[in-house]
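Data first, discussion second: the structure below is written as structure tokens.
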Amino acid sequence: MTSRKQDKQSFEPGIVPAPGGLLDWRDSRHFDSRQDRPCTVCLQPTPMRAHSGEAVHKVCAEAWIAANPVEARLGRFANDLQVKRRHDGVHA
């Protein structure tokens, strides 16, 4: 069993989508079921969180990336880190 601290450390962002692209936030840690906070983009309440813990609607983060493509490359909002799957040609 992993500790909460180790779990937080493994929650790393992946690549930033291209402007107009969609964020892949499948990990449940993007959702805070305990508390809504104001979105840093639109100021409306949201349970969604970026990798940094910043409260933001996914659609607002995608719109921000489209409106700020140069700054977006710094990784404020990014996709979930994808685990590479091994394809060895063996199928079950």
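Brief remarks follow.
- The range 26-54 residues that are of a type in the set (A, V, I, L, M), paired with ones that are not in a loop (DSSP other than H, G, I, E, B) (beta carbon under 6 Å, 6 or more apart): 41/60; 41/64; 48/30; 48/58
- Boolean, residue 86 is loosely packed, with under 11 Cβ neighbours inside 10 Å, farther than 20 Å from residue 21 by Cα and either charged (D, E, K, R) or modelled with pLDDT of 95 or more (or both): yes
- Meets criteria (surrounded by 15 or more Cβ atoms within 10 Å (Cβ to Cβ) and either touching a residue at least 40 places away in the same chain (Cβ under 8 Å) or under 17 Å from residue 18 (Cα atoms) (or both)) for residue 61: yes
- Some residue of the range 54-64 being modelled with pLDDT of 95 or more, within 16 Å of residue 32 (Cα to Cα), out of contact with any Cys (no Cβ under 6 Å at 6 or more places or on another chain) and in a loop (DSSP other than H, G, I, E, B): yes
- Positions within the range 13-59 being more than 24 Å from residue 69 (Cβ to Cβ) and in contact with a Lys or Arg (Cβ under 9 Å, 6 or more places away or on another chain), in sequence order: 29, 31, 32, 37, 45, 47
- Matching residues in the range 16-41 - criterion: being surrounded by 14 or more Cβ atoms within 10 Å (Cβ to Cβ) and either in a strand (DSSP E or B) or not charged (D, E, K, R) (or both): 16, 17, 19, 23, 25, 30, 37, 39, 40, 41
- Under the condition of being surrounded by 15 or more Cβ atoms within 10 Å (Cβ to Cβ) and of a type in the set (Ser, Thr, Tyr), the residues counted in the range 42-58 number 1.
The values are calculated or read from the model by the stated rules, or taken from the named source; none is laboratory data. From a predicted model like this one, the values you see are computed outputs, not experimental measurements. Every residue, glycine among them, receives a Cβ derived from its backbone with ideal geometry; neighbour counts consider all protein chains shown.
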